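Down below is the structure, laid out as structure tokens.
The values are calculated or read from the model by the stated rules, or taken from the named source; none is laboratory data. Note that the structure is a prediction, hence the values are computed from the model and not measured. Positions of Cβ are backbone-derived with ideal geometry, glycine not excepted, and every protein chain shown enters the neighbour counts. The accessibility values were calculated without ligands, DNA or RNA, using every heavy atom of the protein model including side chains. Shrake-Rupley method; radii C 1.70, N 1.55, O 1.52, S 1.80 Å.
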Amino acid sequence: MKILVIDDQKLIVLAVKKRLTAFGYIVQTANSVEEGVYKYNSFQPDLVVLDMNMPEMSGTELVACTGTEVVKYIRTFMKRDTPILVMSGNTNQSIIAQNYNLGINKYLEKPISLNELADRIKEILGDLEYQLNQKQIIREKQIIKKRAIGIVVYCNNSENAILRNELQTFAIRNLGYQLCFVNDASTDNTLRELRRLRDRNSASITVLNYKQKVDRSEAIRKGVQHLLRSEQLEYVGFLDADDSYDLKHFDTLVKNIETSSHDLISKISVNAESSKSSIAKMTSRIVDIGVSNFYKIPFEVIHGSVKIMKSDTAAYVFKKKFKYHRFFNMQLFGRLKSQAKLRNEELFESNSQLSTTRISI
């Protein structure tokens, strides 16, 4: 049987295609509404797996299209009953109801495991060709995430941290996360273990290796710039390999930043706090209090070694090198404040021009 998968997150599309192909399906993919409609006509699938939040179609008449337009095209324009499974992070009940009214067969909310997705497909198709033998069973439960998130993991002699089960499990299971490990001239077996980890999930893991030490701030900057080459990422975060216990909390950080007025959110790493001496903890707190007071940014936003920000913010903050490696946080939040000021000035100028236009009219 033939399945068409339409989703703008290419990493997710590749993972879904790989899993469904292993189950014996013939799979084609599309990364936009326009491409999806084209392949629906040419491929004639038995099932369409679709994300509702999709890029707009080209042309002047279809400038506000989402995945819902694919449903309309199949049901209303083509008048076909091809099964449609919507897999999306969109929880807007009116949109979900609209899609069911248009004739979708199933709605699955991200995050969702690939195994559950395969089971729902079998359920919809009543599929007799769904041949799942013991060799095809994939024991690692991979999860399709709601958001596209990039994370830089700074590594310096971090072999033991990389071998930890928490990091290994997270790196393999979480689809939608793009991990960039930056090896800053490690002298132990860090690079070897990073390459082994990458080989287990090469679609989602990148390793940047520096033979000569570039220092933490520059290593993180290089990693962020590498991740931002992908225009799909909505958020970018970073942490040290020793703090990778906290990777599982990034979903929570994303939820926090979505409801926050700030472009960056910090979290105190459990491992970082436990490993610091009381003097180091106090020093870190005092420095962050100083940064908070100087830049007028709440202390809870600043304090913490695990950070995440919106992708456009990351592009601005990490565009240039940091001059003083020991004052990374201070420079980071200085640039954050500068970006906010620039944005406000642009907004003010835009509003002024709009007001002038109205007066002229």
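A few points about this structure:
- Using heavy atoms of the protein chains and a probe of 1.4 Å, the accessible area assigned to ASP46 is about 60 Å².
- Each Cα pair under 8 Å and six or more residues apart adds its separation to the average, and for segment 191-318 the resulting relative contact order is 33 percent.
- Apportionment of accessible area to carbon and sulfur, the chain, percent (1.4 Å): 51 percent
- Relative to the current alpha-carbon distance between PHE328 and HIS249, full extension at 0.36 nm per residue lengthens the span by 26.1 nm.
- Assuming charge only on the beta carbon of Lys and Arg (+1) and of Asp and Glu (-1), the dipole of the chain about its Cα centre is about 820 debye to the nearest 20.
- Prolate/oblate/rounded label for segment 220-318 (Cα gyration tensor, a/c 1.5): prolate
- Residue with peak Gaussian network fluctuation, the chain [Cα springs, cutoff 10 Å], from LYS310, LYS213, LYS145: LYS213
- Here the sum of -39500 (n - 2.57) over DSSP H runs of 4 or more residues, divided by the residues of the chain, equals -14000 deg cm²/dmol at 222 nm, to the nearest 500.
- In the elastic network of the chain, a GNM with C-alpha springs shorter than 10 Å, the most mobile of LEU20, LEU239, LEU342 is LEU342.
- Reducing segment 203-217 and segment 299-330 to their Cα centroids gives an inter-centroid distance of 17 Å.
- Virtual spin-label span in nm between LYS106 and ASP81, 7 Å along Cα→Cβ: 1.8 nm
- Residue of ILE265, ILE95, ILE257 that the Gaussian network model of the chain assigns the largest fluctuation, springs spanning Cα pairs under 10 Å: ILE95
- When you restrict to C-alpha pairs under 8 Å that are six or more residues apart and normalise by the size of the chain, the relative contact order lands at 12 percent.
- Three-way shape label, the chain, alpha-carbon gyration tensor, a/c 1.5: oblate
- Accessible surface calculations at 1.4 Å, restricted to protein heavy atoms, place the chain at 52 Å² per residue.
- For segment 75-126: rounded, prolate or oblate by the Cα gyration tensor [a/c cutoff 1.5]: oblate
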